[in-house]
Amino acid sequence: MKKFKNLLVKEVRELVTKQLIVSLVMTMLLFYFIGNLAKTEMKRAQAVQKISVMDLDRTPVSEGLTGSLKSANFEIDWVKGDDTEAAVQEARKGDSNLLLVIPKGFGESVGRLEPAQVSTYTFLRSFSVSGIRKSEILKAVVSATNKYLSDDILRKELPAVPPETLKTPIRSRDFVIVKDRMAEGSAAAISGFVYSQSVFLPIILFMIILYSSQMVISAIAMEKQNKTLETLLTVPIPRSSIVTAKMTAAGLVGLLSAAIYMVGMRSFMGGMMGDMGSGAGMGPVIEQLGLTMNGTGYLLLGVSLFFAILVALAMATILGVLAEDFRAAQSLILPIVLLAMIPYMLSFFSDVNTLPLPIKLFVLAIPFSHPFLATPNILLGNIGAVIYGILYMMAVFAVLIIIAARIFSTDRVLTMKLRWRKKPVVL
Amino acid sequence: MSTILRVDGLKKSYGNLEALKGISFEVGEGEIFALIGPNGAGKTTTLRIIATLLSPSGGQAEVLGFDLKKHPDKIREKISYLPEEAGAYRNLRGTDYLKFMANFYADTPGEAEAFIKRALAIADLGPRLNEKVGTYSKGMVRKLLLARALMTKPALAILDEPTSGLDVINSLEVREIIKRFAKEGISVLLSSHNMLEIEFLSDRVALIDRGLILDSGTSGGLKDKYEAPNLEVVFRSAVR
């Protein structure tokens with residue numbers, strides 16, 4: 001154990017270089033900075049917004065509309081005169097990004113039950129999210145005013161019938177069923193909420209797999225390149241300990257790197273998404289449908305993630321032996337990237353259960369697919385599929401670790417090389 | 001003088017290529033035994049097999065009575081190996097590298113300290129040992145590695161081209177260190193292209209070519225046998 005610890009500490013020290021620390025800190029700071037910037041922009045978009053308004057009508061109806069704008073947190077900058085072109089020019093020079101023109105006769109048209117028209121001008125000064133949101137808010141205000149006016153007209157014309165009944169004679173009550181549970185709600189909203197809660201998991205997993213694998217392959221390749229492997233293989237420590245120490249160190253540093261990246265990314269995404277992903281009010285429906293992760297669920301998910309990382313590390317150990325130097329190691333990560341990329345992309349765009357059988361079997365044969373599928377399977381109560389995935393990954397890991405141990409216990413660790421051209425053996 | 005290493009009919013093949021065709025020799029306690037021969041003769045393959053890096057295709061080898069195939073772990077405790085093209089971990093300081101290696105052999109912290117103290121004396125790199133290995137010259141790395149190989153006073157030190165890449169002064173120092181440790185009881189199996197080095201260092205020499213030992217004996221005995229002024233001529237005569 002003392003010798004293993006000695007080796008593990010060395011491996012960690014070899015991996016945690018100044019370059020790695022600087023790159024991790026810089027990336028986290030960058031994410032944090034961009035996230036905060038986005039958050040500030042979003043807050044600014046939600047704060048009091050300036051809007052230029054040219055009211056050529058000046059009737060109670062037009063005043064009702066501008067009143068709604070004030071209620072929606074808009075600060076009105078009144079444009080004088082009656083020339084729309086001049087109003088556009090004036091607004092363009094100012095700092096408001098929106099111009100609303102209410103034409104003369106607007107109130108009269110509403111009174112005659114004829115379609116009344118207003119013109120909105122959005123000054124697209126950037127392509128930022130906050131810029132787009134301002135015009136969306138204005139549209140929402142116009143829509144709310146439309147509803148208010150139409151309801152008012154309907155109440156006057158047909159006082160006996162509620163406006164809602166006239167406008168939406170058919171109403172739909174949406175129910176969602178998950179296994180044996182049912183709740184009232186929109187399937188899209190529920191799916192969106194569950195997705196927003198679990199969107200980070202595939203990203204974390206993908207990053208850990210890549211980081212850890214790259215570290216193991218590089219560590220072995222560096223031992224070869226720096227001519228330290230031969231010496232290490234002759235010291236009195238079991239070869240299995242050498243393999244385990246490299247895998248453990250890479251796993252630990254990979255987890256740490258991924259955690260640091262994720263803290264930064266969470267801050268970034270939090271700033272970008274604001275409250276959009278929080279799904280306020282969804283809690284009871286989600287609870288009712290059983291779409292929450294309990295202790296067993298978290299345990300299964302953890303075990304699934306753990307074995308995926310072990311499989312990646314074992315694969316990387318075998319691939320690392322093939323690398324002659326650090327440069328070759330960079331390209332040897334490709335098979336692992338491809339194997340992780342397939343379920344990673346699928347987790348965003350498709351459902352493995354709906355795929356044609358041969359493709360489904362291919363996806364399930366990839367060990368890394370199982371942790372990606374674990375979250376939806378746990379939430380949907382398909383525990384058997386999760387356990388099958390864990391057992392499958394355990395079997396794959398066992399086979400890979402036996403191969404890795406055999407390679408390290410024989411002279412293949414020195415003689416196995418991936419060569420594109422056949423070279424003579426150097427004695 | 002007790003036998004530390006016994007090699008009997010050792011063979012190694014890489015596919016169809018026979019690198020070793022059945023070589024035999026013995027190394028006694030405190031003896032310096034050298035393998036000399038041209039590139040591709042099988043010197044490094046022999047050393048790597050005895051260092052437990054390569055598995056033999058045939059024959060036997062024993063270190064202190066432990067069979068190479070059955071007890072490689074036991075043998076690793078008794079030997080140290082200095083490859084021709086060896087390196088040290090570039091991110092570690094010289095002292096940290098020595099400490100890292102000493103911890104594999106020492107049973108107690110005190111023993112590890114003693115190993116490191118001995119290594120510091122062998123390496124003789126002064127304050128540079130507190131700097132990272134990545135900043136060392138090739139000669140400094142070689143001296144550090146030799147110190148690592150000898151600090152544990154192994155029963156058998158396997159040194160492949162120990163002065164490879166060193167200048168004249170450093171080469172002389174290294175040879176003197178090896179000679180001194182052999183006098184203290186360490187057996188040395190080494191290979192070299194440098195016939196002068198072999199004459200200075202070795203007690204006995206084996207001439208190896210194309211996987212076979214052509215002849216062996218003391219430098220003086222071989223020179224007398226082949227009526228040659230030096231080992232280079234001895235080797236040429238033996239090959240013919």
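Computed from the coordinates by the stated procedures, all read-outs in this text should not be read as laboratory data. Not measured: the values here are computed from a predicted model. Neighbour counts are summed over all protein chains in view; Cβ atoms, including those assigned to glycine, are modelled from backbone coordinates with ideal geometry.
Here are some notes:
- Net charge of neighbours whose Cβ lies under 15 Å from the Cβ of A:A314, counting Lys and Arg as +1 and Asp and Glu as -1: +3
- For chain B, relative contact order (Cα pairs under 8 Å, six or more residues apart, normalised by length) works out to 27 percent.
- Taking GluC sites (Glu not before Pro) in DSSP loop conformation with at most 10 other Cβ atoms inside 10 Å as exposed sites, chain B has its longest uninterrupted site-free stretch at B:1-183.
- Under 5 Å between amide hydrogens, built in the peptide plane, is the criterion, and for A:D77 it picks out A:I51, A:S52, A:V53 among residues at least 5 positions away or on other chains.
- The charge dipole of segment A:48-171, taken about its Cα centre with unit charges on the Cβ of Lys, Arg, Asp and Glu (plus for the first two, minus for the last two), comes to roughly 420 debye.
- Against chain A, whose longest principal axis comes from its Cα atoms, helix A:2-15 is set at around 50 degrees.
- Between B:E84 and B:D160, the built amide H atoms are under 5 Å apart, and every one of these is 5 or more places off in sequence or on another chain.
- As a proxy for reagent exposure, ranking A:H370, B:H71 by other Cβ atoms within 10 Å from fewest up yields B:H71, A:H370.
- Cβ-based exposure ranking for A:Y261, B:Y14, in which fewest neighbours within 10 Å come first: B:Y14, A:Y261
- Projecting the Cα atoms of B:G217, B:F181, B:F66 onto the charge dipole of chain B (Cβ charges, centred on the Cα centre) puts B:F66 farthest toward the positive pole.
- Karplus-derived 3J(HN,Hα) values for segment A:175-188, using 6.51 cos²θ - 1.76 cosθ + 1.60 with θ = phi - 60°, are 10, 10, 10, 10, 6, 9, 10, 9, 8, 8, x, 8, 4, 5 Hz; glycine and proline are entered as x.
- Net lengthening on full extension, A:I21/A:S331 (0.36 nm per residue, minus Cα-Cα): 109.3 nm
- For segment A:93-108, Karplus couplings with θ = phi - 60° (6.51, -1.76, 1.60), whole Hz, Gly/Pro x: 6, x, 9, 8, 9, 10, 9, 10, 10, 9, x, 5, x, 4, x, 5
- P(r) tail, chain A: Cα-Cα pairs separated by more than 28 Å, 65% of all pairs.
- Projected area averaged over orientations for segment A:46-113, convex hull of C-alpha atoms, nm²: 4.7 nm²
- Here the protein assembly as shown is treated with +1 on each Lys and Arg Cβ and -1 on each Asp and Glu Cβ, and its dipole about the Cα centre works out to around 1020 debye.
- Chain B shape via C-alpha gyration tensor axes, a/c threshold 1.5: prolate
- In chain B, the longest principal axis of the Cα atoms and the axis of helix B:138-150 are about 80 degrees apart.
- Cβ-derived FRET efficiency at R0 51 Å, A:N382 paired with A:L29, nearest 0.05: 0.80
- Longest site-free stretch - chain A; sites: trypsin sites (Lys or Arg not before Pro), DSSP loop, at most 15 other Cβ within 10 Å: A:180-416
- When the Cα positions of A:W78, A:P159, A:S126 are compared along the charge dipole of segment A:48-171, A:S126 comes out farthest toward the positive end, with charges on each C-beta of Lys, Arg, Asp and Glu.
- Total formal charge among the other residues, if their Cβ is under 12 angstrom from that of A:A404, Lys/Arg +1 and Asp/Glu -1: +4
- Residues B:S219, A:S135 arranged by fewest to most Cβ contacts within 10 Å: A:S135, B:S219
- Computed FRET value (nearest 0.05) for B:I169 with B:D8, which takes r as the C-beta separation and R₀ as 51 Å: 0.80
- Residue-wise HN-Hα couplings along segment A:353-366, as the Karplus relation 6.51 cos²θ - 1.76 cosθ + 1.60 with θ = phi - 60° gives them from phi, are 5, 9, 6, x, 3, x, 5, 4, 5, 4, 5, 5, 6, 7 Hz; Gly and Pro carry x.
- Relative contact order for chain A: 20 percent, from Cα pairs under 8 Å spaced at least 6 residues apart, divided by residue count.
- Per-residue [θ]222 nm for chain A (sum of -39500 (n - 2.57) over DSSP H runs n ≥ 4, rounded to 500): -22500 deg cm²/dmol
- Cα long-axis angle, helix B:94-105 against chain B (0 to 90 degrees, to the nearest 10): 70 degrees
- Positive end of the dipole of chain A (Cβ unit charges, origin at the Cα centre): among A:V141, A:I333, A:I366, the Cα lying farthest that way belongs to A:I333.
- Coarse-grained scattering of segment A:48-171 at q = 0.09, 0.16 Å⁻¹, given as base-10 log I(q)/I(0) from a Debye sum over alpha-carbon atoms: -0.29, -0.81
- Charged-residue dipole, Cβ positions (Lys, Arg, Asp, Glu), segment B:1-40 about Cα centre, Debye nearest 20: 220 debye
- Summarising the amide proton neighbourhood of B:D215: residues at separation of 5 or more, or on other chains, whose placed amide H is nearer than 5 Å comprise B:L207.
- The label-point distance for B:T218 and A:N36, in a model that sets each label 7 Å from Cα toward Cβ, rounds to 8.0 nm.
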